[in-house]
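First comes the structure, then the notes that go with it.
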Amino acid sequence: MEWQEALAGVTALVAVTPPERTDIDTVCDRVAELIAAQRTGPFLLFGHSLGGLIAFEVARRLGNRPAHLIASGCVAPSLHPTARMVEVAGLSGQSLTEALAVYGGLRPEILADPELQDFILPDIRADFEMVARYRYRPAAALPFGVSLVNGEDDPLVHRDDLVDWTRECTGKPETRWATGGHFFFEDHPEAVTEVIRRAAEALPVELI
């Protein structure tokens, strides 16, 4: 995602690569440790889909250090794992490929190349398996703003799926709907970058 140009002069993008896929708690513990060790100023957390859930759990671990959380393509944490996520986690081979194609999660060149699928699909399935094993635990509301950005035609996220985000923050979360499906930002990156820009302009921040 080439968003840095759209955010030039406002904030820097820093990608966090999680450690090996184990379970969400272990991944979030490690990511929070890495951020806490390297970030001293205010920053934003952004994540899409599974990344949105990870960003939420990392935000919980970091207390009041983040300035804002932006979750994209992600139902309220208390709804995880959804029945569809559990179902997809149990798929493999062509069945998994077909399920992911519905969400727009596989590019045409991947759909046309079985060898490439054999290389990529195990990691994607591992992501779904992590979500399927996730267990939500109630905790104090996040002490900073939360923004939610989703595609209007996303088969994984519906409007009712966002209601319970209100329990996760002290104020009402900002909600934005964009044209498109689960990966709406591929055609409409501004739907996300504009939200990031507004949040970043409020503080001198780095986006993680």
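The values are calculated or read from the model by the stated rules, or taken from the named source; none is laboratory data. Computed from a prediction, not measured in an experiment: that's the story for all the values here. Neighbour counts are summed over all protein chains in view; Cβ atoms, including those assigned to glycine, are modelled from backbone coordinates with ideal geometry.
Worth a mention:
- Where residue 117 falls short, out of the listed (1) under 18 Å from residue 49 (Cβ atoms); (2) surrounded by 16 or more Cβ atoms within 10 Å (Cβ to Cβ); (3) among the polar types (S, T, N, Q): (1)
- Qualifying residues in region 1-60 (those that are surrounded by 16 or more Cβ atoms within 10 Å (Cβ to Cβ) and among the polar types (S, T, N, Q)) - the one farthest from residue 105 (Cα to Cα): 11
- Output for region 120-137, where each listed residue is under 22 Å from residue 61 (Cβ atoms) and either loosely packed, with under 13 Cβ neighbours inside 10 Å or of a type in the set (Phe, Trp, Tyr) (or both): 134, 135, 136, 137
- Residue that is farthest from residue 3 (Cα to Cα) [pool: residues in region 29-80 that are without any contact (Cβ under 8 Å) to a residue 60 or more places away in the chain and assigned to a loop (DSSP other than H, G, I, E, B)]: 80
- Scope region 71-98; condition of a type in the set (Ser, Thr, Tyr) and either surrounded by fewer than 18 Cβ atoms within 10 Å (Cβ to Cβ) or in contact with a Pro (Cβ under 8 Å, 6 or more places away or on another chain) (or both); matching residues: 78, 82, 92, 95
- Residues that are within 21 Å of residue 196 (Cβ to Cβ) and basic (Lys, Arg), drawn from region 27-68: 39, 60, 65
- Each residue in region 59-90 was checked for being more than 11 Å from the chain's Cα centre (by Cα) and over 17 Å from residue 170 (Cα atoms), and 12 of them qualify.
- Out of 26, 11, 40, 17, one residue alone is modelled with pLDDT of 90 or more and out of contact with any Phe, Trp or Tyr (no Cβ under 7 Å at 6 or more places or on another chain). It is 26.
- Across region 1-26, the number of residues qualifying as under 14 Å from residue 189 (Cβ atoms) and part of a loop (DSSP other than H, G, I, E, B) comes to 8.
- Test result for residue 201, acidic (Asp, Glu), assigned by TED's automatic domain parsing to the domain that holds residue 3 and modelled with pLDDT under 95: yes
- Exactly one residue out of 186, 152, 129, 174 is farther than 14 Å from residue 78 by Cβ, in contact with a helix residue (DSSP H, G or I) (Cβ under 6 Å, 6 or more places away or on another chain) and not hydrophobic (A, V, I, L, M, F, W, C), and it is 129.
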